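The values are calculated or read from the model by the stated rules, or taken from the named source; none is laboratory data. Because the structure is a prediction, the values reported are computed rather than measured. Reconstructed Cβ throughout: ideal geometry from the backbone, glycine too, with neighbour counts over all protein chains shown. What goes into the accessible areas is simple: the full protein's heavy atoms, side chains included, and nothing from ligands, DNA or RNA. Shrake-Rupley method; radii C 1.70, N 1.55, O 1.52, S 1.80 Å.
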Amino acid sequence: MNILGLSCFYHDAAAALLQDGVLIAAAEEERFSRKKHDSGFPSHSIRFCLRQAGIDVRDLDYVVFYEKPFVKFERILMTSLQTVPKSFKLFGQAMKSWLVDRLWVKGVIQSELGVESKKILFSDHHVSHAASAFLCSPFSEAALLTVDGVGEWATASSGVGSGNDIRLNKEIRFPHSLGLLYSVFTAFLGFEVNEGEYKVMGMAPYGTPRYVDKVYKLIHTDSDGSFRLNMDYFSYHYSPDRAFNSKFVDLFGAPREPESLFFTAASGYPVYFGARPTNFESLAKLNEHYADIAASIQVVTEEVLLHMAKALHRETGLKRLCMAGGVALNSVANGRLLRETPFEEIYIQPAAGDSGGALGAALYVYHSLLGQPRRFVMEHAYWGEKFSTGEVRDFLARENLDNEVFDDEEKLLDRVVDALQNGKVAGWFQGGFEWGPRALGHRSILADPRRNDAKDIVNVKIKFREPYRPFAPSVLEERSEEFFALPAPERHYPNRFMLYVAKVHESAQPRIPATTHVDGSARLQTVRRDTEPRYYRLIEKFGAATGVPVLMNTSFNLRGEPIVTTPADAVKTFFNSGLDLLVLENCVITKTA
Ligand SMILES: [Fe+2]
């Protein structure tokens, strides 16, 4: 039985294909369309999934959309009517975009794919989230927690998953939303919503959470694990342009200038920003104020999640937790959930945000609706398109690009280890691309984490990222505890997907300065031999050569672009950046001086 799951028209569009309950392929549309956070109909992803399964649209038994457009429209309509006349503009815009294609999703799917109407099903947004985690987790029973900006009405839900059944018995409804609260601060701190949330999380350790009391004026928690926002401070429920109002500004001061350079006394002024401004001190001080605000919203988010998870544990008595929704991508909060709640194991799949809804919708129909037994655990994130060495060679030949082909893997890996040890930065392109926002060693940029200057080198060569954004360490799973305070990493999944932040042991911090954040933490990826054999061998060899079985891993993309998908994207990025070498499957390209 072939089931295609789809998510689109709001955040990141994606498609996922299940064959008899086993995931065959899953991809976010932005990787193909090259449009970051592309939310349009995921035609490319669908074609890829069908190609990967070797089937045609006619072979699809069901196509499942990850939410219910009419219920969502009802929420927008009701909210607009309740806040008239303030919401007049929002109402007009919503009507326009909803009446064009969102409301008629069924018709769009029918006309785009040519499938019969009876094959098209809809799942609830938060059910899709919950299913996306639980139904591909290794757990037969678990507590479920989904937290995001907003779905139809729900912004968070909780319940229990058991066998192939999903029961969500509690929800928090719009406009009360932990995800939207975080997004309001993301906008206030000058970042793009749905993109800059990581920046807020990265900025937080540069500040002190001195405004926690003020943030708690905006959100109240109840003893049953729920929360409510004080809507006096917000305008997102009636305004399409502004998320917070003047009362919010009275509380926190003026918003930060959008996308202005961020640096503090602790970060210093990176070389790639240009000449150090003469008023560095006063600008750094102002940035510290904003970092304090970032630290405060981050702490409150963590505390509210802890509060929700502890209540859920009290209610269910279960030891395992599955999480999904955009807020489940907050890896700092996730680390605390594991350390500070009675839950012993947590499962989060790599595309925990809305793109993952495509997977969840398909899983939900197969298992919960059709009652089919579970047979699939998501052990890795490599569900995207892959290219063989033969395909890479053909492409390079067509492009007239000199390259070295290594038939012997040992020699290939030695070549890369040697370059990395010598301060070179490598583009590393192997196998299928990753599902979800993180690069996990299949579309990565790699560097030597032992070097103090590795972050600057990578930033100058390619990323030009803000200096406060940490680069992640990829570490051999068996050696992880030497460096990171995450006991028994082999028991856990989120660390495979870079979804836990853990302390770097003080003694280990000088060994991997480039991947240790300012607060001594790291968003580690533990690498396993069974699921990522070549990447594992590379890190193992690097460890044998240097004593440090860790590589600095950041996503393979230019700033503002989606992560590379094809060899052509990789080559283009390679030549448009200062990367020293590019490894495409077994082929190595270098730049001649
Ligand atoms: Fe969502």
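Observations on the structure shown:
- Estimated 222 nm signal from helices in the chain, with DSSP H stretches of n ≥ 4 weighted -39500 (n - 2.57), rounded to 500: -10000 deg cm²/dmol
- Percent carbon-and-sulfur accessible area, the chain, ignoring ligands, DNA and RNA, probe 1.4 Å: 50
- Using θ = phi - 60° in the Karplus curve 6.51 cos²θ - 1.76 cosθ + 1.60, the 3J(HN,Hα) couplings for the range 281-293 round to 4, 5, 5, 4, 5, 4, 5, 4, 4, 5, 5, 5, 5 Hz; x is entered for Gly and Pro.
- Note, ³J(HN,Hα) from phi for the range 148-160, Karplus 6.51, -1.76, 1.60, rounded to Hz, x at Gly and Pro: 8, x, 6, x, 6, 10, 6, 10, 7, 8, 8, x, 9
- Solvent-accessible area per residue for the chain (1.4 angstrom probe, square angstrom): 37
- Packing-based ranking of 434-445, 153-164, 271-282 yields 434-445, 153-164, 271-282, ordered from highest to lowest mean Cβ neighbour count within 10 Å.
- Whole-number percent relative contact order across the chain, with pairs defined as alpha carbons under 8 Å at least 6 apart: 16
- Only beta bridges with both residues in the chain are counted; by DSSP, about 70 percent of them are antiparallel.
- Charge tally in the Cβ shell below 13 Å around K572, where Lys, Arg are +1 and Asp, Glu are -1, K572 excluded: -2
- Fully extended contour minus Cα-Cα distance, from E344 to E116, at 0.36 nm per residue: 77.6 nm
- The alpha carbon gyration tensor of the range 108-253 gives principal lengths a ≥ b ≥ c with a/c of 1.5 or higher and a/b greater than b/c, which makes the shape prolate.
- Mean separation of Cα contacts under 8 Å (6+ apart) over length of the range 353-512, as relative contact order %: 19
- The chain: translational diffusion in µm²/s, Stokes-Einstein, Kirkwood Rh over Cα pairs, 10 °C, 1.306 mPa s: 65
- Relative to the 2.2 N^0.38 Å rule of thumb, the range 440-574 has a C-alpha radius of gyration ratio of 1.00.
- Burial order of peptide ranges 567-578, 368-379 (average beta-carbon count within 10 Å, highest first): 567-578, 368-379
- Around the Cα centre of the range 366-429, unit charges on the Cβ atoms of Lys, Arg, Asp and Glu (plus for the first two, minus for the last two) sum to a dipole of about 500 debye.
- Its Cα centre serving as origin, the range 465-535 has a Cβ charge dipole (Lys and Arg +1, Asp and Glu -1) of approximately 220 debye.
- For the range 201-283, the normalised intensity computed at q = 0.13 Å⁻¹ comes to -0.64 (log10 of I(q)/I(0), Debye sum over alpha carbons, equal scatterers, no solvent).
- Extreme residue, positive dipole direction of the chain, given options T186, L321, A426 (C-beta unit charges): T186
- Neighbour net charge for P489 - beta-carbon separation under 15 angstrom, K R +1, D E -1: -2
- Listed by chain and number, the lysines whose alpha-carbon sits under 22 Å from that of K463, ignoring those within fewer than 8 places in the same chain, are K35, K36, K199, K424, K455, K572, K591.
- Cβ-based charge dipole, the chain, positive-most Cα from H176, F244, T301: F244
- Within the chain: Cβ-based charge dipole about Cα centre, in debye rounded to nearest 20 (Lys, Arg +1; Asp, Glu -1): 880
- Ignoring lysines fewer than eight residues from K72 along the same chain, the ones with Cα atoms less than 22 angstrom from its Cα are K86, K89, K96, K106, K118, K119, K170.
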